[in-house]
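*Asks:* Following this message is one structure expressed as structure tokens.
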Amino acid sequence: TRYWAVIPAAGGGTRMNSGRPKQYLSLKDRALIEWSIQPFLDAEWIDGVVLVLARADSEFARLPIARHPRILTTLGGGARAESVLAGLEVVAERSAGFKDVQVLVHDAARPCLHGSDMERLCEEADDDHGGILALPVSDTLKRARQHKIAETVDRAFYWRAQTPQLFRLEPLIRALKECAEHGLPVTDEASAMERAGYQPRLVRGRESNIKVTYPEDLQLAGFWLAQAQR
Ligand code: C5P
């Protein structure tokens, strides 16, 4: 088995209101994205990391990490799934000839991933169906209809999806292309695989693996990084 990582980082990050893509905001003396990439560089069993950048990106090339020999870059598209597909095409070129290629897809906006969780995902995911890091929901969940509660659902059935998500390269490319052809929205790789009939395994992650979306998330990420380094 060969392992690759694809990190989509071509989003606008408009919910941050920071005037600059969130992955370049600074977090404990490094850019947020450098924290997100680091666990994959530390894992020497991963052949390479494909970083998917926006056409207008002028910031990545300036980071110290940009010259790392195991990082490749490519250009992304207008939707997350398009960006991931662009990254997967690079993996397909680089891993041509290998039969069993598994790809970890990770949000550039998740800087607090523990390397040990990524390893556990690779061990516990199903060889064919793949798997994702996720957490059971602890709040009581309401289904809404126009800002009113329609019903309370059984939270035992619900998990929050995180990244990384691990899938075999070829089925993932097919699944994402299939969704694109039908114009189906895809917010994570697992949803595309589900539509293609796969049943990805849920591997319990941890609370600290947050996706930085709003300005206040940045402080929380700083807290979790400090915890991890103690
Ligand atoms: O928007 P959201 O927070 O769900 O984005 C998750 C990840 O997908 C981010 O790392 C973002 O940069 C990436 N993305 C992308 N191309 C897009 C949209 C989002 O690479 N067109």
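The values are calculated or read from the model by the stated rules, or taken from the named source; none is laboratory data. No experiment lies behind these values; they were computed from the predicted model shown. Positions of Cβ are backbone-derived with ideal geometry, glycine not excepted, and every protein chain shown enters the neighbour counts.
*Asks:* Among the residues of the range 149-174, count how many are free of Cβ contacts under 8 Å to residues at least 40 places away in the same chain and under 26 Å from residue 210 (Cα atoms).
*Replies:* The number of residues fulfilling the criteria is 9.
*Asks:* Another question about this same structure. Looking only at residues that are at pLDDT 95 or above and touching a strand residue (DSSP E or B) at 6+ places or on another chain (Cβ under 8 Å) in the range 72-86, which one is surrounded by the fewest Cβ atoms within 10 Å (Cβ to Cβ)?
*Replies:* 75
*Asks:* State which residue pairs qualify: first residue over 22 Å from residue 210 (Cβ atoms) and inside the range 122-148, second residue in a strand (DSSP E or B) and of a type in the set (D, E, K, R) in any location, beta carbons under 6 Å apart, and separation of 6 or more residues or different chains.
*Replies:* The qualifying pairs are 126/201; 143/151.
*Asks:* May I pose another question? Run down 214, 198 and say which single residue is of a type in the set (Phe, Trp, Tyr) and loosely packed, with under 13 Cβ neighbours inside 10 Å.
*Replies:* On the way: 198 fails: loosely packed, with under 13 Cβ neighbours inside 10 Å.
That would be 214, the only listed residue that is of a type in the set (Phe, Trp, Tyr) and loosely packed, with under 13 Cβ neighbours inside 10 Å.
*Asks:* Just to be sure, is residue 120 among the basic types (Lys, Arg), modelled with pLDDT of 95 or more and within 16 Å of the ligand (Cβ to nearest atom)?
*Replies:* Details: among the basic types (Lys, Arg): yes; modelled with pLDDT of 95 or more: yes; within 16 Å of the ligand (Cβ to nearest atom): no.
No: the conditions fail for residue 120.
*Asks:* Looking at the range 144-230, what strands (runs of 3 or more DSSP E) fall wholly within it and have at least 3 residues that are under 19 Å from residue 109 (Cα atoms) and modelled with pLDDT of 95 or more?
*Replies:* So the answer is 159-168.
*Asks:* Taking into account only those residues within the range 212-230 that are of a type in the set (Gly, Ala, Ser) and more than 16 Å from the ligand (Cβ to nearest atom), which is farthest from the chain's Cα centre (by Cα)? Even if it seems obvious, please write down each step before you answer.
*Replies:* Start the filter on the range 212-230 by keeping residues that are of a type in the set (Gly, Ala, Ser), which leaves 221-222, 226, 228.
Among the residues that remain, those that are also more than 16 Å from the ligand (Cβ to nearest atom) are: 222, 226, 228.
Numbers: 222: 19, 226: 22, 228: 20 Å.
Across the range 212-230, the extreme among qualifying residues is 226.
*Asks:* Follow-up. When you look at residue 12, is it assigned to a loop (DSSP other than H, G, I, E, B), within 16 Å of the ligand (Cβ to nearest atom) and either in contact with a His (Cβ under 7 Å, 6 or more places away or on another chain) or without any contact (Cβ under 8 Å) to a residue 12 or more places away in the chain (or both), yes or no?
*Replies:* Values: assigned to a loop (DSSP other than H, G, I, E, B): yes; within 16 Å of the ligand (Cβ to nearest atom): yes; either in contact with a His (Cβ under 7 Å, 6 or more places away or on another chain) or without any contact (Cβ under 8 Å) to a residue 12 or more places away in the chain (or both): no.
In short, no.
*Asks:* Identify, please: which residue in the range 100-115 is part of a strand (DSSP E or B) and under 13 Å from the mean Cα position of the chain (by Cα) and is, among those, nearest to the ligand (Cβ to nearest atom)?
*Replies:* As a first pass, look at the range 100-115 and keep what is part of a strand (DSSP E or B): 101-105.
Going one step further and asking which of them are under 13 Å from the mean Cα position of the chain (by Cα), we end up with 103-105.
Working: 103: 15, 104: 14, 105: 9 Å.
The selected residue is 105.
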